[in-house]
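The values are calculated or read from the model by the stated rules, or taken from the named source; none is laboratory data. Just so you know, these numbers come straight off a predicted model, no measurement behind them. Cβ placement follows ideal geometry from the backbone for every residue including glycine, while neighbour counts extend to all protein chains displayed. Calculation scope for accessible area: heavy atoms of the full protein, side chains included, ligands and nucleic acids excluded. Shrake-Rupley method; radii C 1.70, N 1.55, O 1.52, S 1.80 Å.
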Amino acid sequence: MSEKIFVDLDEEIIFIAEKIKNVEGGKVILIVPDRAALLGSVVSLKLLSSEIAKSGKLAILVTKDEVGLKLAKNAKLVAVEQVSEINKEKWEQASRFKEEFVEGRENVKRELISEREEKKEPLESEDTSSTKEVATESKIAPKKVDLGGFEMVAGGDIAQFETDEETEALGQSETAGDVDEEKRTLSWSEKKERAGLVGKDLSTYSYMSRAPKKKKEVREDKRGFSLSESFTGAIDNVKKFFTSGGNKPKIFIGVGVVLLLFFILSYFVFPRGRVIIKVESKDIELEEQVVADTAVTTLDIEALTIPAKMIESSKDRSESADATGEKETGEKASGQVTLFNMTESDVRVVAGTTLESVESGLKYKTAGEVVVPAKKPDDDPESPGLIGNIDVGVVADSFGEEYNVSGKKEFRVQGYDVENLYGKNFNNITGGTTVKKKVVSQQDYDTLKDSLVKQLEEDLLESLKQEAGTSRELLEDTIAYEVVNEDASPGVDAEADTFNLSITVKATALSFLKEDVDNLAQVLVEQNNEQEVEVEEFEYKSQVLRTEGNQIYITLSITGVVTPSVNEDDVKVNIKGKNRGSAEEYLNGVNEIKSYEIELSPTWLPSFLKHFPSSVNRIEVVVEKA
């Protein structure tokens, strides 16, 4: 991740380099204003390129200065006009420039070292005659020099001036102007002597000539002020001038001088300036389609792709509930039915053959297998025309009192017409009963299952959030829940007052780093604003559109508040030394500024003389929201 550094108009390279070194990351974006000192020459930019290479970091310049953009390329620096132009290719270009710069610098070092080794010569061959000659030069006599009222001693033994009156008189007659004249007429031997001071007695050395000079003429003005007197003496004379004679005009003149001095200080020294700038925040709303990809590991701002990670969690829960279902049960009715065969052939009726009551439609099953004899012929000597019949046991298909049947009810035999074969009970069919019992119903099971799954989903959502941690954003639209195990005891339709159900649910979801989305959202916000803005706050919502393999297509909806960015240092530099009108002209031209207030002091100065100080340290710029 890159970090931005804002460069001031007159900021020196050494401070810019220090800021670059203090950046934690490996990429730096330098925001440089137009007409900045850094962009003034290719030499400055090459020095910056050298410092960047030493820091081991990559840097890109962002400026709209046309000259700076051209010079940056010659200095092996990548420069663009807007932050939005920075992409992966620009960083790769910056890396290549850095490598070329380092390689070029190393080549120069190697060439210089090679040339130096070829030109080495023995030091013994150097001529030391000049040193010997200097060493034998005679010492210069000591003397005094008057420098603006201060007497200074130069040359030999200072103690000589305590007794040597003639030398003292000579020293007092010389001035700083004489010294300068002598320095301009030094002989070659004297210059050699002054160049060879190593190992000499400096107390005997003097820049002064021993030749006597003209005594400097002391000039006095008509009021009696001696221009050669010390500062203290001048002050005493001023006091005498204003206190002698009791002359009133002198007092007025003194007051005028004081007022003039106060006015000069008020104009040049006392001025301070304060500008209160109002900027208007605005709400932003934008929507962009991005891709969360589990196959990538780094953020790709240009492709709007963020790396995603699949996380999962499983939980189980068990609870008991009352059985509320009811089930009817009881005993089945049973009895005996006589089957009648109207055909001339025997009929075999297997066990389980259904007999249906002609009256009620209730069904019964034969308890065993029987053969119903055929009908006797009409000419049968023993039983002419006797219908063949046989008794068979029957059991009701289901329980219940309704299956209890009184005697002499007819029954159809499954698979036969009643004209050929039918049944009839001559005794009651009895024993059928109905009893209601409590059982586990399907509704009981489904209700408890839904409750358990809902609780588990809530628990799993919290678990997934904990798994994602504070640094990752969970895509809740991608959460998938799956019941991987369920077990009821007793089961559905079983007779019971209560039952227990155990459920296990697994949840999976996609997550991504909040930092990646924040950076992506920041870039999207900047790209959608013509002005330079500061993002105060924003929030985003994600909605999954579709899934294609490892890629999840998401609509990212961003809402927030941005404030136009105003560089306070730029404002100070552009209004320093200006009067109110010029400052207002500049401030009116800054698009980010909605309104402003200017305060200039001292307040006692006339409006046409009020101005901002030339020093930015005496200017205060306050940026507030409108």
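See the values below:
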| read-out | value |
| --- | --- |
| Matching entry among Glu539, Glu597, Glu592, Glu568 (being closer than 27 Å to Ile264 by Cα and either in contact with a strand residue (DSSP E or B) (Cβ under 8 Å, 6 or more places away or on another chain) or not hydroxyl-bearing (Ser, Thr, Tyr) (or both)) | Glu597 |
| Residues (part of a helix (DSSP H, G or I), touching a Phe, Trp or Tyr at 6+ places or on another chain (Cβ under 9 Å) and among the polar types (S, T, N, Q)) located in segment 417-470 | none |
| Positions within segment 54-92 being open to solvent by 50 Å² or more (accessible area, probe 1.4 Å) and assigned to a helix (DSSP H, G or I), in sequence order | Lys54, Glu66, Val67, Lys70, Lys73, Asn74, Ser84, Glu85, Lys88, Glu89, Lys90, Glu92 |
| Leading residue by the ranking (nearest to Glu85 (Cα to Cα)) among those in segment 511-539 that are part of a strand (DSSP E or B) and touching an Asp or Glu at 6+ places or on another chain (Cβ under 9 Å) | Val533 |
| Hey, Val108 in contact with a Lys or Arg (Cβ under 9 Å, 6 or more places away or on another chain), open to solvent by 40 Å² or more (accessible area, probe 1.4 Å) and among the hydrophobic types (A, V, I, L, M, F, W, C) or not | no |
| Residue within segment 278-298 that is open to solvent by 90 Å² or more (accessible area, probe 1.4 Å), hydrophobic (A, V, I, L, M, F, W, C) and in a strand (DSSP E or B) present | no |
| Residue within segment 593-602 that is farther than 30 Å from Thr297 by Cα and β-branched (Val, Ile, Thr) present | yes |
| All positions within segment 303-328 that are under 27 Å from Ala509 (Cβ atoms) and charged (D, E, K, R) | Lys309, Glu312, Lys315, Asp316, Arg317, Glu319 |
| Segment 576-595, residues that are open to solvent by less than 70 Å² (accessible area, probe 1.4 Å) and either assigned to a helix (DSSP H, G or I) or in contact (Cβ under 8 Å) with a residue 40 or more places away in the chain (or both) | Gly581, Ser582, Ala583, Glu584, Tyr586, Leu587, Glu592, Ile593, Ser595 |
| Residues that are basic (Lys, Arg) and farther than 18 Å from Lys424 by Cβ, drawn from segment 359-392 | Lys376 |
| Test: residue in segment 307-319 that is touching an Asp or Glu at 6+ places or on another chain (Cβ under 7 Å), open to solvent by 70 Å² or more (accessible area, probe 1.4 Å) and touching a residue at least 60 places away in the same chain (Cβ under 8 Å) | yes |
| Within segment 602-612, considering residues that are more than 39 Å from the chain's Cα centre (by Cα) and part of a loop (DSSP other than H, G, I, E, B), the one nearest to Ile575 (Cα to Cα) | Lys610 |
| Residues of segment 405-415 that turn out to be open to solvent by less than 90 Å² (accessible area, probe 1.4 Å), closer than 14 Å to Ser357 by Cα and of a type outside the set (A, V, I, L, M), as a count | 4 |
| Options Thr563, Thr603, Thr555, Thr559; residue that is of a type in the set (Val, Ile, Thr), open to solvent by 50 Å² or more (accessible area, probe 1.4 Å) and in contact (Cβ under 8 Å) with a residue 12 or more places away in the chain | Thr559 |
| Filtered residue count, segment 266-277, keeping only those that are part of a helix (DSSP H, G or I) and open to solvent by less than 60 Å² (accessible area, probe 1.4 Å) | 1 |
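Condition check ((1) open to solvent by 40 Å² or more (accessible area, probe 1.4 Å); (2) farther than 30 Å from Lys438 by Cβ; (3) part of a loop (DSSP other than H, G, I, E, B)) across all residues:
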residue: Ala333; (1), (2), (3): no, no, no
residue: Val337; (1), (2), (3): no, yes, no
residue: Glu356; (1), (2), (3): yes, yes, no
residue: Gly361; (1), (2), (3): no, yes, yes
residue: Lys376; (1), (2), (3): yes, yes, yes
residue: Asp379; (1), (2), (3): yes, yes, yes
residue: Glu382; (1), (2), (3): yes, yes, yes
residue: Leu386; (1), (2), (3): yes, yes, yes
